[in-house]
Amino acid sequence: MSDSKDAAARHPLAMDTLVAFCASRGFIFQSSEIYGGINGFWDYGPLGVELKNNLKAVWWQRVVRERTDVVGIDSAIICHPRTWQASGHVDHFSDPMVDCRTCKRRFRADQLEGERCPEAPKKRAVTDCDLTEARDFNLMLETQVGASMDASTAAYLRPETCQPIFNDFKRVRDAARQKLPFGMGQIGKAFRNEITPRNFTFRSREFEQAEMEFFCHPKERESWFTFWRDERMRFHRDIGFDETNLRFRPHAADELAHYANAAEDVEFLFPFGWQEIEGIHDRGDWDLSRHSEYSGKDLIVTDEETKERYTPMVIETSMGVDRTALALLVNAWEEEVLEGGETRNVMRFIPALAPIKVAVLPLSKKLAEPARTLHADLARHWNVFYDEAGNIGRRYRRQDEVGTPFCATYDFDSPDDGKVTLRERDSMEQERVPLEGVVAWLRDRLETAL
Ligand code: ATP
């Protein structure tokens, strides 16, 4: 059994369970569900959008805002088509594909191992099907821009968010008055016409990336690669990933792109095995040189002190937002056995990532009015949920299973003593806190720096 499969076999969570949970609680579900869905596309519901936005905010804070040498951009999804000729995507961004002459399905030729034929999964491995020779299939999604429909109006939905960063390099360096070394980050959608989307959101056709390109002097490329590689691992630890679920996987020499000096993946242990959630790449001067050649624009920099002219080297950190959000869901999931044998489902998100920070729960509908006032006060600061239906134990459990770190219960003593009960998700401990101190109490616990 391969390393990945072995790891998967030991995993406590089944993907089907997670997929069903995510749909029923409104984290993530199929796009266009009422039409039967569309393969490789996913929608984020009320809880999913909060989780993903929190992840993006934490990345932006850490990678862009906390650094004086990194700035952010938000570029268009559609770039000048020459961009993708320069980057090599038009000629080389493809996966090997085979067709099955019997069931008419398509497969990735390099991922056939262990695959069962969808026609007769119990009887036949795909490798025993009547397959065509492998041929290259370009993964870029094409569209037309403008009123006419000819080759001159063809454009691509970007397959990665980094190329527009290279297009904007000179403009942004000048506008932000940055000297090398410096980086540019962006978060946004990317599109790949994956041959076999699979494993829930892990391999989708539309997804988000959080990428940072760091431009430096050739002499510093190795030290910056090491710096960013360690920095990115620190990030993944800080957002709550269990140490045993994370590892680096350096690329072997024959995996590296011809222009790359080094590349390492950050891998997470999913129920389907160890898989990449982020790549850290030393891309050398490939991108800027190619864009300079194809655009005719000089992208060389001059060192102010030494007057040396050089094309900057690029160290890239490229995190998949959806893959990391999926890993967070897997990592946070726990079926906890309580004293007395009862189980509770609890999502142990760190507070910064929890979709709902506090749930306000009046003990009875008769207490709705003051509880709604508390909700309004807290909602000025955080994403707060209000729930007055059902028994209080069940309401706590509903919050536990979506990862809400705190519940504030307004009970029959509250009008007299001016206090509410604050309950913590993990320990389930409860504390009476004066109403006027609730914001400060929560702030202390919710806004701890990562
Ligand atoms: P893979 O080998 O799994 O296809 P990749 O090496 O092509 O991934 P990169 O081009 O390095 O991926 O993209 C950077 C990140 O973007 C990946 O680490 C991953 O988190 C995310 N990503 C890439 N392709 C997809 C996809 N089809 N669906 C969701 N996320 C993706």
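The values are calculated or read from the model by the stated rules, or taken from the named source; none is laboratory data. Model, not experiment: these values are computed from the prediction. For neighbour counting, all protein chains shown are included, and Cβ atoms are generated from backbone atoms with ideal geometry for every residue, glycine included.
Has the range 212-223 got any residue that is in the same structural domain as A57 (by TED's automatic domain parsing), closer than 30 Å to D16 by Cβ and part of a strand (DSSP E or B)? I'd like the intermediate steps shown before the answer.
Just the residues of the range 212-223 that are in the same structural domain as A57 (by TED's automatic domain parsing), to begin with: 212-223.
Pick out the ones that are also closer than 30 Å to D16 by Cβ and you get none.
No: the range 212-223 contains no residue that is in the same structural domain as A57 (by TED's automatic domain parsing), closer than 30 Å to D16 by Cβ and part of a strand (DSSP E or B).
Can you list residue pairs whose Cβ atoms sit under 6 Å apart, with the first residue in the range 133-152 being more than 22 Å from R106 (Cα to Cα) and the second being surrounded by 12 or more Cβ atoms within 10 Å (Cβ to Cβ)? Count only pairs 6 or more apart in sequence or on different chains.
Listed by first residue and then by second, the contacts come to T143/A155; Q144/T153; V145/T153; V145/A155; G146/T153.
Which residues, counting only those in the range 335-364, are crowded, with 23+ Cβ neighbours inside 10 Å and not in a loop (DSSP other than H, G, I, E, B)?
Within the range 335-364, M347, V358, A359, V360, L361, P362 qualify.
Going by the structure shown, is A327 among the aliphatic types (A, V, I, L, M), touching a Phe, Trp or Tyr at 6+ places or on another chain (Cβ under 6 Å) and closer than 30 Å to M347 by Cα?
Numbers: among the aliphatic types (A, V, I, L, M): yes; touching a Phe, Trp or Tyr at 6+ places or on another chain (Cβ under 6 Å): yes; closer than 30 Å to M347 by Cα: yes.
Yes: the conditions hold for A327.
When the residues of the range 133-173 are narrowed to those that are of a type in the set (S, T, Y) and in a strand (DSSP E or B), which ends up farthest from the chain's Cα centre (by Cα)?
Result: T143.
Can we say E334 is away from the ligand (no atom under 14 Å from the Cβ), over 22 Å from T83 (Cα atoms) and over 23 Å from the mean Cα position of the chain (by Cα)?
Considered against the rule, which asks whether it is away from the ligand (no atom under 14 Å from the Cβ), over 22 Å from T83 (Cα atoms) and over 23 Å from the mean Cα position of the chain (by Cα), E334 comes out as no.
Give all pairs with beta carbons closer than 7 Å in which a residue from the range 253-275 that is closer than 16 Å to H92 by Cβ and outside the structural domain of F202 (by TED's automatic domain parsing) meets a residue that is within 14 Å of the ligand (Cβ to nearest atom) and of a type in the set (S, T, N, Q); count only pairs at least 6 apart in sequence or on separate chains.
If the second residue must be within 14 Å of the ligand (Cβ to nearest atom) and of a type in the set (S, T, N, Q), no pairs are left.
Restricting attention to the range 180-200, does a residue exist that is on the phi > 0 side of the Ramachandran plot, part of a loop (DSSP other than H, G, I, E, B) and crowded, with 22+ Cβ neighbours inside 10 Å?
Scanning the range 180-200 turns up at least one residue that is on the phi > 0 side of the Ramachandran plot, part of a loop (DSSP other than H, G, I, E, B) and crowded, with 22+ Cβ neighbours inside 10 Å.
Mind checking which residues of the range 286-311 are more than 20 Å from C79 (Cβ to Cβ) and in contact (Cβ under 8 Å) with a residue 60 or more places away in the chain?
Going through the range 286-311, the residues more than 20 Å from C79 (Cβ to Cβ) turn out to be 300-311.
The answer is V301, D303, E304, Y310.
Can you find even one residue in the range 257-272 that is touching a helix residue (DSSP H, G or I) at 6+ places or on another chain (Cβ under 7 Å), aliphatic (A, V, I, L, M) and more than 30 Å from D426 (Cα to Cα)?
yes
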